Structures are given as C-alpha cells and as structure tokens.
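Student: Structure below; questions to follow.
Just so it is clear, none of the values below were taken in a lab; they were calculated from the coordinates. This one's a predicted model, so the numbers in the text were calculated from it and none came from an experiment. Glycine also receives a Cβ, built like all others from the backbone with ideal geometry; neighbour counts cover every protein chain displayed.
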C-alpha cells in the first residue's frame, strides 16, 4: 500500500482549518512527552514531505525566533486550542490503489489499516475460520454415520476390549469415553501439526470400528500406518499426549496376522520402540512379539541379547515359558547356533507344560543345512514322526522334504517322500537301493508334480539329477512340466536352466535318430532305447515350449536354430511350430519372406493352415508391417489382400469351431482400408458376416469410418473429436430410426427401450455397409462403375459363385457363397 498522507476533511463545517505548524504545536502539548507517534503516521513531518515541498515551506532562518513562537501561541490561545485537548479533531484516511482514498473511523482503525493493508489478513482469517467450521461439520457427520452403523449393544464391548476398561452403560457415556481414550489431543500444537494429528484421529476411529467388526481392511491399515509415520516426529516431542488405550489400539491393528498386513513385523518393531519411549509397559506377549520383530527386522544380535536378559522373567513364568523358549529355538537356528537351540529344545521337552513337537522343525532345517549333520537331521525327523504319530500331516512332510532338498540332500529327501507315500510301510534306512515300486518314472513323476505344484523348482531339478544318476529316467512329459514352470516364472536363471535342459533333451533325440539310422539294417531297429544316464527324448511339447519362449522374447537366431534341430530330429510336421517360425520372422523385420516360407513348409510337410497362420499372413502384408506405404503403391497392394482373403474363404472350415478371432477380423478390415480398396472393404465386411458369422464391434466400425486404428490417440488431432461426435450422432439417429421401424413391423416390442445386443450388432454392420456405399459409390475412383468394381472384387476374393443358366437372373447377378 502506498504511503498515506494526513488529510483534513474540509467538508465538515464545524471543524476549523488549522495550519500545519499550529496543529503540530497543539499535539505536542496535548500528548505526554514520553509518547511518540509512529513514523508511519507522521506524514506531515519534514522526513515524510516531498523534497520540493520542504524547500517551499522552509523558513529563511534555521530556527523559529522567540517572537514568532509567542505570536503563534497567542493565535492558538485565541482559537481555544492551546489547552483544550477535547476540541482537537483529527480525521484519518488511507489511500489505496489508483489514488482512491477512504476515511477511517478512528485511530484504532488507522492502526489496523497499517498492520493489514487492504484487509488481506482479515479475509484470510475469515476463510480459515470457515474451512475449520466446515471440517468440524464433516467430522461431526462422520461420527454420526459411524455411530449409526455400530449397534448399541456391541460397541461398549468393542471399546472395552480395545481400551482395557469397563464398558459404560449408556450410549452417551460410550461416545464421551470413546472420544477421550481413542483421540489424541490437538491442544498446544501448531497448525501443520494439528492437521497431521487430526487426520490420524479420524483414521484411528475408523480402524477401531473395523477392528471391532472383526478385521481392519488393508486400505485402512495402510493409511493408518502412513499417517502414524507422518505424525511420529511430531508426537515424539510430547509422547504423553498419546494415551495408553491408543497404544493398545495401534498394537491391536498392526499386530494382526493377515494377508492385508504383510509388513506386520516391521510395524511392530517401530511401534514397540515408540511405546518404550513413551513409557508404556509392554505385556509379556507383546515383549515376545517385539523380540521376534526386532530379529526379523535385522537387529539379530540385539534381539538375542534381549532374549537372554529376559530368561529370569519370561523364561520362568508358566504363562510364557513355552513361547519364550520356542522363540529362542527359532532365533538360534537361524543364527546357526544349533547347540544353544538344542539346549532350548531340551528345556521345552523337560518342562511340565504343554508343548508342540513341531518345535523340532527349525532344528531339522538347521541340521540339514550342514552336510556333516545330515544324519542328525534325519534322526531328528524320525523323532518328530514318532512324537506326532498319526497327527503328522502331509504339510509337515512337504516342509521337511524341502529342508533336505534346499541344500541338495536329495537322498534323504527321497527316503522321507517314500515314507510319506507309503504311510511308513516301507522303511528306507538300511536300504542300499530303493525298491522297484519306488525307483521308477511313475513314482518319480508324482514327486515332481508335487514339487512343481508347490513352486519348489530347484528341488524338482535336484530330484531329476539324483534319479538320473540312479538310472531312473523321467518321462519327457514330466520334464516338460518343469520346463514350462521355469519359463512361466520369467526369472533369468530359470529361463537359462530351461534352455539347458530343453536342448539336452533335443540332443538326446538327435543322437537317438542318428543311432537309429546306423542300425537301420538290423531286423528290429525299434528295439533301440536311449541311454539310461541321459535326458529323456524331446517331444513336440519340448520344441513348442522353447519356440514360444524364443518368439515372445524376439530371439530370431535361436528360433532358426530350433527349427533346424526340429528337422534334424525328424519330428513330425506341426502347424504350431510353423506359426511360431512365421511370427518370429515378422518380429525380426523379415515379414516379406513369410508368404513364401509358409507355402514351402505347407508343400514340403503337408501342413494345413490354422487361424494363427492366417494372422501371421495378414500381419506380413506390407501395409501392416511397414511404417507407411505410399499412395502410388496402393494399386499394387490391393491384389495381395484380395488373394489372401480368397485363401481364407477356401479354408473357412477351420474357423467353424471358434470363429474368427476379433483381432484377426480387425486386421483384415483395416488392411483393405489402408490401401483404399473400398469395394474390397465392403466385400470383406459382407464375406466375414455371411461366411464366417463375424460382426465387427462398435469401436472397429468407428475406426473404419474415421480412418484410424487408435481413436484415443487420434483425438489429439484437430477436428477429429468433432468428426467422432458427428459420426456417433449419426449412428444414434440410425438406431433410433431402426427401432421405430422394428416396432412398427412388430419385430420388436414397444416396451423395449434399447435394441437387444444381437440385433444391435446386426444393425451396426448394416450401418457400416450403408456408409461405405453412400460414401464411395460416387467418389470417382471406379470409372467402370461401382457395381462392376464390386463384382470384380467379389470374384478375386472368392465370394462370387457362378450360377447355372437356369439360375441366373438379371435382378441378382451377384451371390455370396455361404460355407
């Protein structure tokens, strides 16, 4: 705001005009000597006057003479202004933008104007007060909604469970107590700190409600932890503001073991630290869980030290004895301190308290990881089996088998698997070799299937290697299952392992074929068998798995190498392998070789095309695989599409089972549109409709009419949105008109608001055909005439059926051939 000048309102007649010097003198006498006007409200002083005005008003002498001073005082006395303060009137003004002046009420208003120019601060404060009132109203509304959703007879029990206090009897007392104990006070915090606590309180109420209902939702849990993490730095300065019931609520939420709480241990670790900092005493169970969380969070040494420190308390109480020592067993086993873990197990076994024999599982895993203690691990397993007896489950066996397979102790794992499958009727210890009813590919296949199903691919591979050393060769279908699991995992090491095993199987088959050729003069060449120490012979599934992997990863060199091995292995011809090879050529930028390669393979191996073969052929067209094809080349490209469509018509029976894939139909139609073969496009629409029973979707129809394969991206072009809206309006008008016609003819009930989906699809296709005919019939592209051009396209596309002389009629010279 610009500097303000003290102005006198000459419009008030009862206020006399006073010169500047007289007013200054009167004010000096009227005010005490210790009071000084602020510099900002003394614009009449020499310091505030412009330089020109100071020169004009400056007296000739540097100081006022005594005579002049006496004369001035006489004048003031005559006017009655010298000793009468109440007769002095001062008007205050402020000057805003563009020289606009506004009179102020009094001196207080003038001070306020100086502190808050233009009333900006007041306006801001008013706005904040309104926002605060709105927030309070929203919170009140949320509280009412939550209170309505909670039954009166259940809420007291929930709150008493969360707070650990006796439940109140009335609903009013419940609300008061809930707010007292489950809310963090916002008094004494700064504004930005209040915002964090306010958000945390709202989520605390919601979490308490959901926890009382049974479980906290994952979204609420994640939000509560995020808000608590934001508020931790603030609350850590005043932990006393967080009451004990709130800590118990937070513990109850974050300690819940569920799929929606994957970071449970991390949350408990930090929460326990905060509770200790706040002086909250943890219960015995909370201390045990905090120790486990500390260990899992990476503070293993500290967790072990704290565990030892609590041996005289938690380790001696009957309520926590078993849990304490079981936790010690798990931690010591993970740290590799097997001796201390064994002593802890002994304490549990010798105690009079109830115990679970499965505490031996961590000990078995620790022993199995050490090659020198494998037999001890196996003996511990047998001890566990004798303790559990009939209560030992399949899951227990699977877990123990995994303990032995992880470090490569396959022989012991095989023993346990045999005992599991035979319910202990076959005792493996002491046997040098496995019995025939277990050492065979069928028994091995059951084990592999179980391991692969549980995701233990490394264990399954170790089992294959171990059984192969023992002369038990798995069937190819079993190994192919492992190859597929490896490839589906999309892990680099697994994919590399799958390729190694897959090519080992291919090499086995190639060597077998070569050996068969060498002994072809024998009378019984079919008696030749692969070596027992080799991998099983590759099958068609083996080649298909590798081919699909190479094609999806766009490794064309490997695909060609695989195809060469496919022929060398004398595999029977297969269309799937041919399709994978064709798609690989397209991905490698060699789509121009696809038609000739497909023709050669089909002729040499007698392969028949399937729908995927035609997808590859349509994608190999220059209009689909090149970035752009110039308009002058379009006439040369049109016969390609028509000839390929004719081949589809010849192979129509292969589409009878599943129909035309929507992606294939879309590719076919756009192939004609891109080369501006509009009669071919109309013929393709009708051919797909009548021969293949394929109707394009609404989005494909708009793409064809608007000339774009990506409507969303095309919306960025100028004028495209208007064209799209215009086309959509025309389509809706057409549907409305057709609905009225169908109602008039009785084909549709008048009560139906919209056309049925099947009828709508038919009408969509009619709408497309009508648009194509009306748009391009007189476009000048066909000098021979639209009907003649359409007849020629139908002939070239295999859709024209020659009629006998008796059947020919001038009204119907064209007829679509139906499959």
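Student: Where in the range 627-644 does the label zone of residue 718 land, with the point 7 angstrom along Cα→C-beta and an amide N cut-off under 15 Å?
Tutor: none
Student: Moving to a separate point now. Averaged across orientations, what area in nm² does the convex hull of the alpha carbons in the range 441-623 project?
Tutor: Working: hull surface 48.3 nm².
Hull-based average projected area comes out at 12.1 nm².
Student: Starting from the exponent 0.38 and prefactor 2.2 Å, build the expected Rg for the range 198-327 from its residue count and divide its actual Cα Rg by it. Write down the numbers at each step before the final one.
Tutor: Numbers: Rg = 15.2 Å, N = 130, 2.2 N^0.38 = 14.0 Å.
Expressed relative to 2.2 N^0.38 Å, the Cα Rg reads 1.09.
Student: Based on the mean of other Cβ atoms within 10 Å per residue, sort peptides 726-738, 393-405, 710-722 so the most packed one is first.
Tutor: Numbers: 726-738: 13.4, 393-405: 18.8, 710-722: 10.2.
Packing order, densest peptide first, comes out as 393-405, 726-738, 710-722.
Student: Given the peptides 594-605, 665-676, 264-275, arrange them by the average over their residues of other C-beta atoms within 10 Å, most packed first. Spell out each step's value before the answer.
Tutor: On the way: 594-605: 14.7, 665-676: 21.1, 264-275: 19.3.
Peptide ranking by packing, descending: 665-676, 264-275, 594-605.
Student: Which part of the range 318-361 falls in the paramagnetic zone of residue 309, meaning amide N under 20 Å from the point 7 Å along Cα-to-beta-carbon?
Tutor: Output list for this probe position: 320-321, 324-329, 331-332.
Student: Hey, another quick one. Test of understanding: what is the full-extension gain from residue 266 to residue 661, defined as 0.36 nm times their sequence separation minus their Cα-Cα distance? Provide the component values of the computation, followed by the final result.
Tutor: Working: separation 395, 0.36 × 395 = 142.20 nm, distance 4.93 nm.
The span from residue 266 to residue 661 would gain 137.3 nm if fully extended.
Student: Expressed in nm², what is the orientationally averaged projection area of the convex hull enclosing the Cα positions of the range 630-796? Don't skip to the end; give the middle numbers.
Tutor: Numbers: hull surface 46.8 nm².
In nm², the orientation-averaged hull projection of the range 630-796 is 11.7.
Student: Take peptides 379-386, 622-629 and line them up by average Cβ neighbours within 10 Å, highest first, as a rough protection proxy. Mind dumping the intermediate values first?
Tutor: Details: 379-386: 17.2, 622-629: 14.0.
Top to bottom by mean Cβ count within 10 Å: 379-386, 622-629.
Student: What FRET efficiency would be calculated for the residue pair residue 770, residue 588, taking the C-beta separation as r and a Förster radius of 35 Å, to the nearest 0.05? Please list the in-between numbers first.
Tutor: Values: r = 42 Å, r/R0 = 1.21.
So, using R0 = 35 Å, E works out to roughly 0.25.
Student: Something else now. For 703, 787, what's the fewest-to-most ordering of other Cβ within 10 Å of each Cβ? Intermediate values should be presented prior to the final figure.
Tutor: Details: 703 20, 787 13.
Final ranking by Cβ density, sparse to dense: 787, 703.
Student: Mean 1/r over all different Cα pairs, inverted: what Kirkwood radius does the range 282-355 give, in Å?
Tutor: On the way: mean 1/r = 0.0818 Å⁻¹.
Across the range 282-355, the inverse of the average 1/r is 12.2 Å.
Student: Obtain the nm distance between the two label points defined at residue 256 and residue 337 by a simple spin-label model: each point lies 7 Å from its Cα along the Cα-to-C-beta direction.
Tutor: If labels sit at residue 256 and residue 337, their model points lie 3.6 nm apart.
Student: Gap in Å between the Cα centre of the range 479-495 and the Cα centre of the range 228-297?
Tutor: With the range 228-297 and the range 479-495 each reduced to a Cα centre, they are spaced 42 Å.
Student: Most exposed first by the Cβ proxy, i.e. fewest other Cβ within 10 Å, how do 633, 556 rank? Intermediate values should be presented prior to the final figure.
Tutor: Details: 633 14, 556 18.
Least crowded to most crowded, the residues run 633, 556.
Student: By how many nm would the segment from residue 745 to residue 605 lengthen if fully extended, with 0.36 nm per residue of separation less the alpha-carbon distance?
Tutor: Details: separation 140, 0.36 × 140 = 50.40 nm, distance 5.63 nm.
That pair, residue 745 and residue 605, stretches by 44.8 nm at full extension.
Student: As a footprinting exposure proxy, order 333, 779 by other Cβ within 10 Å, with the fewest listed first. Mind dumping the intermediate values first?
Tutor: Numbers: 333 23, 779 10.
So the residues, fewest neighbours to most, are 779, 333.
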